[in-house]
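Colleague: To start, I am sharing the structure in question, which I have written as structure tokens.
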Amino acid sequence: MPARTGAQFLDRLARTRTHVQVQGETLTGGVASHPAFANVVRSYAELFDMQHDPRLRDVLTYPSPLTGEPVATSFLVPRTEADLVKRRQAFRLWADASLGMLGRTGDYLNSALMALASAADWFGRQDDRFARNIRAYYEKVREEDLLLTHTLIPPQANRAVAGSQQAAGTLMAHIVREDDNGIVVRGARMLATIGPFADELLVFPSTVLRGTPEDKPYSFAFAVPSDAPGLRYIAREPLDYGRSHFDHPLGSRFDESDAVVVFDDVHVPYERCFTLGDPELCNGFYLATSAIEQMTHQVVARTTAKTEYILGLTCLLTEAIGIGQFQHVQADIAEIITTLETLRAFGRAAEADAAVNSYGVLTPAWAPLNAARNLYPRLYQRFPEILRKLGASGLMAIPAEADIAGPAAADIGTYLQAATLTGAERVRLFRLVWDTCASAFASRQALYEYYFFGDPVRMAGAYVSGYDRSPYMARVRDFLDRPG
């Protein structure tokens, strides 16, 4: 099957029997029509449809190396500068469609899988079968245009001890036995965003593992269908309240479900395993394969789109209520512009300084991408704060869509008008501002961006320890030793 349409995505989902717990309900199918997921599933279907839009398909697809049929550009192995540019353009088209609010669109993990498969020989260091497995799985996902999610971290039970020591090692997903056909996994993992409606689940390493026998049962990378027997998703409360797009313009479209994954003796065939029982391979999973660079390339494209949206929204807000001339407002807008141009510079530098890795893949430069992923989690937190400050009390009493045409219509027209907008237009704009900076959906976005790549404090520590500071220290020493 070539690049899917939205209808094909929905048809496959209708035939999937994923086990989902949500708000006291147990689903074993019917996810696409359930109120908790229906609208965001429709948004994902629209992304798949974009691949067939005559105006966009040349950017969003390329010919499959196997069949010549169009497949998603996020699977394209970049060999040239033009390939990297095309990948970024495809990322932007999907990011713009959701204003950057969808953080787990397929292009994110497709990019990781492309890099991992290109580095198949690295997996072959443990066993040639793993090299074949990762290549075969990449081709399967590419040719079937599957939507992937992943789960990385152990349950947040007692961070004072290692996951292997929590509840005698039973909480964190681990291998309980092997048989002639594969492994059996038991325990739980966090945090599978879009898990309830994804086609497949990637179970990948995250936390650093020690090279001890106790860590071997927790050292693995594999993939399973989302409806594999024994696999359960416990989804959080939905932030789509079933209201109109007018009332909740973002939450009613883009509420990606987050879920805890429970493995109740899930059997994983060997052909779906990419590494087993090797902590060293797990610890090098992303950096040694260049997967982290390819993933972050997509993230910077998305966060750039998101920041452009924030800038546009902020300027519409200030224009509407006539505050754009005040210097403190201009300072806030300048902060957003600076963030935007910083992200653009990071993205441009990553592509300009790209180099071919040891597996023949043209890889965006890591230094600017790493800077971006360390900065943005903090920078994004300022955007909701700025919008709340500028919207001020005007955000506190916003009528609903039903009021626009109800008995309050005349009062809304008179008393809620703005410098450049009618009362109804102002209400529509302010509901979007609210959903960006103050609603439950907005709070989830801020939390999501803050922890997207993990704890920012631990990330900062890794950033410092991995950054070569010796040339700059040597320069200062040379100056201190300069003859008077």
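Colleague: Which of the following residues is farther than 30 Å from residue 294 by Cα and in contact with a Phe, Trp or Tyr (Cβ under 8 Å, 6 or more places away or on another chain): 406, 423?
Modeller: 423
Colleague: Moving on to the next point. Given the options 398, 412, name the one that is part of a loop (DSSP other than H, G, I, E, B) and crowded, with 16+ Cβ neighbours inside 10 Å.
Modeller: Sole residue among the options that is part of a loop (DSSP other than H, G, I, E, B) and crowded, with 16+ Cβ neighbours inside 10 Å: 398.
One line per residue, one yes/no per condition, for (1) outside any helix (DSSP H, G or I); (2) over 23 Å from residue 372 (Cβ atoms); (3) touching a Cys at 6+ places or on another chain (Cβ under 6 Å); (4) in contact (Cβ under 8 Å) with a residue 40 or more places away in the chain:
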{"residue": "309", "(1), (2), (3), (4)": "no, no, no, yes"}
{"residue": "323", "(1), (2), (3), (4)": "yes, yes, no, yes"}
{"residue": "330", "(1), (2), (3), (4)": "no, yes, no, no"}
{"residue": "339", "(1), (2), (3), (4)": "no, no, no, yes"}
{"residue": "342", "(1), (2), (3), (4)": "no, no, no, no"}
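Colleague: Residues that are within 20 Å of residue 278 (Cβ to Cβ) and assigned by TED's automatic domain parsing to the domain that holds residue 20: list the strands (runs of 3 or more DSSP E) wholly contained in region 172-258 that include at least 2 such residues.
Modeller: 174-179, 182-189, 200-203, 220-225
Colleague: Please determine, by comparing only the residues of region 11-27 that are assigned to a helix (DSSP H, G or I) and over 21 Å from the mean Cα position of the chain (by Cα), which one is surrounded by the most Cβ atoms within 10 Å (Cβ to Cβ).
Modeller: Across region 11-27, the extreme among qualifying residues is 12.
Colleague: Now for a different question. Please go through region 120-150 and pick out each residue that is assigned to a helix (DSSP H, G or I), among the hydrophobic types (A, V, I, L, M, F, W, C) and crowded, with 17+ Cβ neighbours inside 10 Å.
Modeller: Hits for region 120-150 are 120, 122, 123, 130, 131, 134, 141.
Residue-wise test of (1) in contact (Cβ under 8 Å) with a residue 40 or more places away in the chain; (2) small (Gly, Ala, Ser); (3) touching an Asp or Glu at 6+ places or on another chain (Cβ under 7 Å).
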site: 372; (1), (2), (3): yes, yes, no
site: 391; (1), (2), (3): yes, yes, no
site: 402; (1), (2), (3): no, yes, no
site: 428; (1), (2), (3): yes, no, no
site: 433; (1), (2), (3): yes, no, no
site: 440; (1), (2), (3): yes, yes, no
site: 461; (1), (2), (3): no, yes, no
site: 483; (1), (2), (3): no, no, no
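Colleague: Please count how many residues of region 289-320 are touching a helix residue (DSSP H, G or I) at 6+ places or on another chain (Cβ under 7 Å) and either at pLDDT below 95 or of a type in the set (Val, Ile, Thr) (or both).
Modeller: Counting residues in region 289-320 that are touching a helix residue (DSSP H, G or I) at 6+ places or on another chain (Cβ under 7 Å) and either at pLDDT below 95 or of a type in the set (Val, Ile, Thr) (or both) gives 10.
Colleague: Please indicate, with yes or no, whether at least one residue in region 457-480 is closer than 28 Å to residue 39 by Cα and surrounded by 17 or more Cβ atoms within 10 Å (Cβ to Cβ).
Modeller: There is no residue in region 457-480 that is closer than 28 Å to residue 39 by Cα and surrounded by 17 or more Cβ atoms within 10 Å (Cβ to Cβ).
Colleague: Could you go through region 70-90 and let me know if any residue there is farther than 27 Å from residue 269 by Cβ, in the same structural domain as residue 203 (by TED's automatic domain parsing), without any contact (Cβ under 8 Å) to a residue 12 or more places away in the chain and assigned to a strand (DSSP E or B).
Modeller: Within region 70-90, not a single residue is farther than 27 Å from residue 269 by Cβ, in the same structural domain as residue 203 (by TED's automatic domain parsing), without any contact (Cβ under 8 Å) to a residue 12 or more places away in the chain and assigned to a strand (DSSP E or B).
The values are calculated or read from the model by the stated rules, or taken from the named source; none is laboratory data. Computed from a predicted structure; not experimentally measured. Glycine also receives a Cβ, built like all others from the backbone with ideal geometry; neighbour counts cover every protein chain displayed.
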